[in-house]
Each structure stands twice: as structure tokens, then as C-alpha cells.
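Here's the structure, in C-alpha cells; my notes come after.
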Amino acid sequence: MQINDLLNHTSEWLKGTGPNSDIVISSRIRLARNLSKYPFPHWANKEQLDGVLNDIKAASSKINMLKSSTLFVLGELDSIDKQFLVERHLMSIEHTQKTEKKALLVDDEEIIAVMINEEDHLRIQLMQSGFNLFEAWSIINRLDDELGKLLDYAYLDDFGYLTACPTNTGTGMRGSVMLHLPALVMSRQIERVLAAVSKLSFTTRGLYGEGTQASGNFFQISNQVSLGHSEDEIIENINGLIRQIIEQEAQARQILLSKNRTVLEDRINRSFGILKSARIITSQETIELLSMVRLGSDLGMFKDIDRRTINELFITTQPAHLQKIENKKLSSEERDLKRAELIRKKLNLL
Amino acid sequence: MLCDICGKNPATVHLTEIIDDQMNELHLCEECARTKSSAMEQQFGLSDLLAGMVDFEQKNKEEGIPAVKCPNCGLTYADFKKIGRLGCGQCYNVFRQYLAPLLKRIHGSSQHMGKSPARRAKSAAAASAAVVGAATEAPPAAAPSKRKTGLQELKAQLAKAIEKEAFEEAARLRDQIRAMESKKNANK
């Protein structure tokens, strides 16, 4: 697989299927693992990082689950390609910097993505559409077992899996659920919900993970605690919280429909109108308007728009995606033109 | 909308800043946002946060600790406090007595309850158990339980410690063995 092949492919997590996919975009689990014989990446020299990379390459080539996967060496990619992989949620922003000996292993379906030599030697990630953490866990657990048979993980009985940062020690697990909560935002209940989330020691992040601002009514909620609970318990805790938020969002949607139907329909249709006719549009405006259209589609207002098309537009209208589609570097102004063009094409075809 | 800082470029990054309970919305261009975010990182990164927690935990107990060095990777406790990252898996054994309370503060627990690796060297578990005894208590206090163990046992432990590259533990065992041997010679 080449990077360009991803352009014509819909990532698993964008398919808009799976449980509660009207409110939950995707579920993701990542495991942080290190090899016992090398220092952690930030403290390792080039030869050691090379050793890590080679050991992991050798191990992954023997694993069936990784048979249809491709290894991208970050140092060989240009900045647009790297940004492109971040936009697809295959890797972190941190992985685009100081790229020497960093690599990314991605399977053809974009379900599995393994970052090599990021903060830890291995950051194994598994993505699913909809509200599906247990399914994600069952797959990633198998993959982790396979890797663990071939690689000597840094592990202690009492502290569990050892990670560069003590905030990940133990299970090394972070489960995240990406939620679309427009009704809670519109009805100004979101602050209350997010305050409760942080009180329960979960974190909320934006569309692009650590350090990003929530936009387009997207909120990524994940566990902070990785030590002292089993993986199943951690997932059950996240699930319990997410179920409550889903219920509150669903209720808020019903209340908006019953009390403010016209106002809501007006806002959704205006958003759709702008997207279908704009000639210049920024990515921020796009995300906000698409969020409204997605809500309209969830509420059955647009019978002929499928969720997948909208989900895809959230990603394909991002800067690096536009530049990959056009196959050249575009200035911010040029992107705003091309973005509007792409959206018109996709939405007017419907 | 133009950038709030330079007023020239279009604002593409939207940021909410909370300072003393005052919420501020900032609309920035890419360039100003980058400058701002790196300035913010310098002001308050995760490593500071962690280092802060360490300070809070250890303020009174820490005299001389920063000099403790991991024999495997060379990271000192002072390095850890500065960068908020450990150097290698062995660091967890070397700095165990300071890390356990820190982990407890972060996670509410310092005992792993999850899965364990499919392939786990038995010697690794044994060696770590030996080091646990040495590090959770101050070295002199740990000695009595070990004093009963015979010379052979100590030598076996030493071999294991060297194999695991737990040099601090190894040095302690070596001194114990020397002391026992010289005692034996003196008794002759």
C-alpha cells in the first residue's frame, strides 16, 4: 500500500456504522508498550532506536493480523504526508516531529495503527466505528498477545507495563470514544457534562487528541487512570459514563425537536445551504456547518444523505487531504477555494 | 475574521483560555497560534506538572535523591524531575520508593491489576522480587531478612542481579558477600 492509496479509502472509524453511531463517531483503544532491552525513545541513541525499529519490524512480519499492513518510515515522508496521516487519526501530532527512526504501521482497513518510537517504543492503536470499545479491546488484546510472544516487554508484576511517562504505567491502556454532542452544546448543558467527566477523572479532548480544542461539537472522552484496574474494568467505567452522555444527548435532541423545532430546522438547513453554495470556506466553518448537517441527517431530515459521506467530508476537507487530492501544495486561500469546491461536488451529487 | 494578535492574517485557530476562572476566546492565525502554543508549553508543560507532583510528594524526604542514577540507562532522579519521563524499564526498580507514591497520586493505586505479557522471563520476575525487597525499605532495614540467607544463596542472587543489570542491587549483594567472607576468614 502507498500513502496515496489511502485517499480513495474510507477509514473503518469513519464508516458511520456500529452501535449508537448517531452520537458516537468512533471508539479507540491504544496500548503503550516498551521493549525491555532498550531505553525509552526520548532517552535512547540512534543505534538503540534503530534496534527497536528492527526488532518490531521483524516481529510484526511474523504476525498474521499484520499481514496486510504497511510500514511508513516517518523520516521519508514530506510534511503534507505526515499531516495527512494525522488528519486520518492514524498517528499523533507528536509523531510528525523529530522523525528520525520513527515509523507507523497501518493495516489496509485502517483499523490497526502502530506508532513506533513515539513516546514509547510501541503505541498500538485500534479503531472501530460507533460505540464499540469491547470489540476494539478483544482485537487489540489478541494483537498485543501475539507481539508479546515475540518481543520482551518492559513489565513488572506490581507496576505492570512500564512506560516513559508514569501517567501511562500499568495497563498502558487508553480507551477513547469520539462523541458528537451538538444538542448538549446548543442547549448549553455541555459545560455541566464536561465538568462531571473531569470530576470522574476522565479527560475530554478535541477532534485531534491531546492539546486540541473541541470543535464542531466533537468531544473525545478517555480514561486518565491506567493503573490499579484491569482493562475490562477500565472499559466498563468508560462505557458507563459514555452511556449516560449518549442518553443525555438523545434527550437534549428530543427536547430541541419538541420545543424549538423550527429554529433547529432553520439552523440545520441554513448550514446545508451554505455548504452547498459557498465558494470560499475555512476548515473551521466547514466543521461547524457539517456538524449541523450531520445532526439533521441523524434526525431524519435529509433522507438522501448518508452519514458516511458527511463523516468523510470532515476528514477530506482538512488541509493535507485537500493538498493530496490536488496533488500539490496549496496556500491557505487556495485551500479555502478547493475545499468549497469539494464540498459542493460531494453534496450536490446527492 | 482576522487574527487577534497580528490583525493581519485570517484566524484559523480558535482557542479558549481560562485564567483565574475568566474565560477568554482567542482567534488566531496559524503562525501566531504556533508562537502562542510554544510559549504556553514553556510556561506549563506536562513535565512541569509531573515534576510539581514529585515535589509535593517528596519535598522533605528528598535530600540527596537527585544523585541516584539508573545503572542501566544513566538517568538520574533529577533528570526525571526535570523532563517528567523515565529513561528505561529499570528506572522503575531504581526509583521505586519515590515512584510508588507518585503513581499512587496519579492513578489512585500503585498495584497493577491488568494483563501480563504472553512471554515473560521467569528470571525477570524473580530478580524484580529481589530488588523490591531492597528498594522499598532503606538498605540497612532490608538487610536483616537477607542476613539469614547463606553465602551460596547470596552469590546466586548476585548472578541474577548482574544478569538483570540491576547494578545497584548487585553492588549491595557484593558488599554483603565480602563482609560474610571476611568474617568467615577471621573466624578461621
Members of the range A:272-312 that are within 14 Å of chain B (Cβ to nearest Cβ), touching a residue at least 40 places away in the same chain (Cβ under 8 Å) and among the acidic types (Asp, Glu)
A:GLU288
(1) more than 7 Å from chain A (Cβ to nearest Cβ); (2) at pLDDT 95 or above: which one isn't true of B:LYS146, the others all being true?
(2)
Assuming A:ILE63 fulfils every condition listed in (1) of a type in the set (Val, Ile, Thr); (2) closer than 26 Å to A:GLY160 by Cβ; (3) away from every other protein chain (no Cβ under 14 Å) apart from one, which condition is it?
(3)
When you scan the range A:125-240 for helices (runs of 4 or more DSSP H) that lie fully inside it, which ones turn up with 1 or more residues that are surrounded by fewer than 19 Cβ atoms within 10 Å (Cβ to Cβ) and free of Cβ contacts under 8 Å to residues at least 60 places away in the same chain?
A:133-150, A:190-199
Out of everything in the range A:222-271 that is β-branched (Val, Ile, Thr) and under 21 Å from the mean Cα position of the chain (by Cα), what residue ends up being farthest from the other protein chains (Cβ to nearest Cβ)?
A:ILE246
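Taking the range B:67-81 as the region of interest, how many residues are farther than 19 Å from A:ASN45 by Cβ and of a type outside the set (Lys, Arg)?
4
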What are the residues in the range A:167-199 that are of a type outside the set (Ser, Thr, Tyr), within 13 Å of another protein chain (Cβ to nearest Cβ) and touching a helix residue (DSSP H, G or I) at 6+ places or on another chain (Cβ under 6 Å), if any?
A:MET173, A:GLY175, A:ILE190
For the range A:53-74, what are the residues that are part of a loop (DSSP other than H, G, I, E, B) and under 16 Å from A:ILE111 (Cβ atoms)?
A:ILE63, A:LYS67, A:SER68
Using the structure shown, decide if A:ILE255 is at negative phi and either touching a residue at least 40 places away in the same chain (Cβ under 8 Å) or crowded, with 20+ Cβ neighbours inside 10 Å (or both).
yes
Which numbered condition trips up B:GLY133, out of (1) modelled with pLDDT of 75 or more; (2) surrounded by fewer than 19 Cβ atoms within 10 Å (Cβ to Cβ); (3) part of a helix (DSSP H, G or I); (4) within 14 Å of chain A (Cβ to nearest Cβ)?
(1)
Could you tell me whether A:LEU6 is at pLDDT 95 or above, in contact with a strand residue (DSSP E or B) (Cβ under 9 Å, 6 or more places away or on another chain) and more than 30 Å from A:GLN254 (Cα to Cα)?
no
State which residue is farthest from A:THR171 (Cα to Cα) when the search covers only the range B:95-109 and only residues that are within 7 Å of chain A (Cβ to nearest Cβ) and not aliphatic (A, V, I, L, M).
B:GLY108
Are there helices (runs of 4 or more DSSP H) fully within the range B:21-116 with at least 1 residues that are modelled with pLDDT under 75? List them.
B:30-43, B:46-58
Pairs please, first residue from the range B:1-14 and of a type in the set (Gly, Ala, Ser), second anywhere and part of a loop (DSSP other than H, G, I, E, B), Cβ atoms under 8 Å, 6+ apart in sequence or on different chains.
B:ALA11/B:MET1; B:ALA11/B:CYS3; B:ALA11/B:ASP4; B:ALA11/B:CYS29
Suppose we keep only residues that are surrounded by fewer than 18 Cβ atoms within 10 Å (Cβ to Cβ) and at pLDDT 90 or above within the range A:292-308. Which one would you say is nearest to A:SER26 (Cα to Cα)?
A:GLY300
Here are the criteria: (1) within 22 Å of A:TYR153 (Cα to Cα); (2) in contact (Cβ under 8 Å) with a residue 60 or more places away in the chain. Tell me which single one A:LEU71 does not satisfy.
(2)
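The values are calculated or read from the model by the stated rules, or taken from the named source; none is laboratory data. Because the structure is predicted, anything quoted here is derived from the model rather than measured. Don't worry about glycine lacking a Cβ; one is built from the backbone with ideal geometry, like all the others, and counts go over all protein chains shown.
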